[in-house]
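One structure below.
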Amino acid sequence: MKNLVLLGSTGSIGTQTLDICEDCGYNVLALAAGRQVKPFEDQIRTFRPKYAVMFDEAAAKDLKTRVADLDVTVLSGMEGLCTLASLPQADLVLNSVVGMVGLQPTLAAVEAGHDVALANKETLVAGGALVMDAVKRKGVKLLPVDSEHSAIFQCLQGAPERPAVKRLILTASGGPFFGKTAQELETVTLQDALKHPNWSMGAKITVDSASMMNKGLELIEARWLFDTDPSCIDVIVHRESIIHSLVEYVDNAVVAQLGVPDMRVPIQYALTYPDRTPSPVGQLSLADVATMTFYKPDDETFRCLPICREAITKGGMTPAAVNGANEQAVALFMQGKIGFMDIPRMAQAALDARWPQSGDVQTVLETDRAARELVLSRV
């Protein structure tokens, strides 16, 4: 029985992870959430972790009162997250928090010598060089949870040495706005953006999927996860979300990972790696799927993808800046303060600004803050 620390337990990935923990016999050592006290309390009463963190201070005080009858230590804030991530009893830390909040706990887990199952994009988008240097130094595993990166990871299992890999191909659903023009996107609403055709995800990542920013961030992640030059990472729009990503080798053979669009498959593989165990996910029937379609991304309309490609090509703190600008812009869009097409405009402004070419964690955090301020100054 493995001891799991789960950061972001009330979100989509977190709740599905807990379902898998019951099936696979994982012991939930610690849980962390943002500010949703009632569902978090329910999770604590069900899984009986030894430690619990609420990132929001007021929510943590409320939770401490609610679970006073249980043997659980309640902590709060970033310090609490990093404490959980570095618990010596942990066998695996799964980080599924949303946003830049995830970077420091990931580094804390790695520095403590723990393997990390990563579902927090911002960790590698903003701090990729720092994280991967720490992973190599500590000799731990960084296991991808995103369906696309898990697919590539699975396609590489048993593969020859990495020089045999020619290209990584990330698939994208195209989101709810596939086929729309830039002019049409000027008037779309938050409700429109949240109507994803294939996946059930949190609001922020669903908006990112609608703008294609999600795929741009995944391209940056893939650069770090698989130590691959960005020029060797392509994106293809695959509306059915059956092929989750592909690897092309130097002999032009292409290996793909297929399955029904269900996040429990990549989550479970990260938890059980290198083993595979039976899954509650439905079996794929290609006869029922019948047809699969593929399209080139529309980079003229969906500017976030090429913006991310240019950001990782520039390197340094530019990806952190673009990510921070996007996070702030998406928050403003969800509050009704800016339009959907203002999101790529804000990301472009961050891309065009000058940022440090290197730095430590503090530099990353300062870049993120400055990029958010840049966005707010333009509203």
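The values are calculated or read from the model by the stated rules, or taken from the named source; none is laboratory data. Fair warning: this is a prediction, and the values are worked out from it, not measured in the lab. Cβ sites come from the backbone with ideal geometry, for glycine too, and all protein chains shown count toward neighbours. These accessible areas exclude ligands, DNA and RNA; they are computed on the full protein's heavy atoms, side chains included. Shrake-Rupley method; radii C 1.70, N 1.55, O 1.52, S 1.80 Å.
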Run the 1.4 Å probe and let me know the accessible area of ARG137, rounded to the nearest 10 Å².
150
Kirkwood Rh and Cα-based Rg: tell me the resulting Rg over Rh for segment 8-48, rounded to two decimals.
0.93
Sorted by accessible area (1.4 Å probe), largest first, how do THR15, THR301 line up?
THR15, THR301
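With N set to the number of residues, divide the alpha-carbon radius of gyration of segment 171-306 by 2.2 N^0.38 Å and report two decimals. Show your work: numbers first, answer last.
Numbers: Rg = 16.0 Å, N = 136, 2.2 N^0.38 = 14.2 Å.
So the Cα radius of gyration is 1.12 times the expected 2.2 N^0.38 Å.
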Could you order LEU143, LEU284 by accessible surface area, starting with the largest, using a probe radius of 1.4 Å?
LEU284, LEU143
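Report Rg/Rh for segment 302-361, rounded to two decimals, where Rg is the Cα radius of gyration and Rh the Kirkwood radius.
On the way: Rg = 11.7 Å, Rh = 11.6 Å.
Dividing the radius of gyration by the Kirkwood radius yields 1.00.
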Running a GNM on the chain with Cα contacts under 10 Å, which residue among ASP234, ASP208, ASP299 ends up with the highest mean-square fluctuation?
ASP299
Compute and list, largest first, the equivalent-ellipsoid semi-axes of segment 152-211 from the alpha carbon gyration tensor, each √(5λ) rounded to a whole angstrom.
33, 14, 8
Quick one: check the C-alpha center-to-center distance for segment 1-35 versus segment 328-361, whole angstrom.
31
Give me the one-decimal nm value for the distance between modelled label points at ALA287 and LYS2, 7 Å along each residue's Cα-to-Cβ direction.
3.6
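For segment 243-379, compute Rg over Rh where Rg is the Cα radius of gyration and Rh is the Kirkwood radius from the inverse mean 1/r over Cα pairs.
Details: Rg = 19.8 Å, Rh = 18.2 Å.
Here Rg/Rh amounts to 1.08.
Please grab the % of Cα pairs in segment 64-121 that end up more than 20 Å from each other. Walk me through the numbers on the way to the answer.
Values: 475 of 1653 pairs.
The answer is 29 percent, as a whole percent.
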Kindly report, to the nearest 10 Å², the accessible surface of MET54 as traced by a 1.4 Å probe over protein heavy atoms only.
0
Quick shape summary for segment 100-195, equivalent ellipsoid via Cα gyration tensor, semi-axes whole Å in descending order, reads 32, 20, 11
Would you kindly calculate the translational diffusion coefficient of segment 109-164, applying Stokes-Einstein with the Kirkwood radius from alpha carbon pairs, for 10 °C and a viscosity of 1.306 mPa s, and quote it in µm² s⁻¹ without decimals?
130
Over all distinct alpha-carbon pairs, what is the Kirkwood Rh of segment 1-141 in angstrom?
14.7
Straight-line reach from LYS121: which aspartates and glutamates have a Cα under 15 Å away, not including same-chain ones fewer than 8 places off?
ASP146, GLU148, ASP208, GLU218, GLU221, GLU327, ASP368
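Once the Cα gyration tensor of segment 10-87 is found, what semi-axes does its equivalent ellipsoid get, as square roots of 5 times the eigenvalues, in whole Å, sorted largest first?
Working: eigenvalues 69, 35, 30 Å².
Largest first, segment 10-87 gives 19, 13, 12 Å.
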Whole-number D in µm²/s for the chain (Stokes-Einstein; Kirkwood sum over Cα pairs; 4 °C, 1.567 mPa s)
61
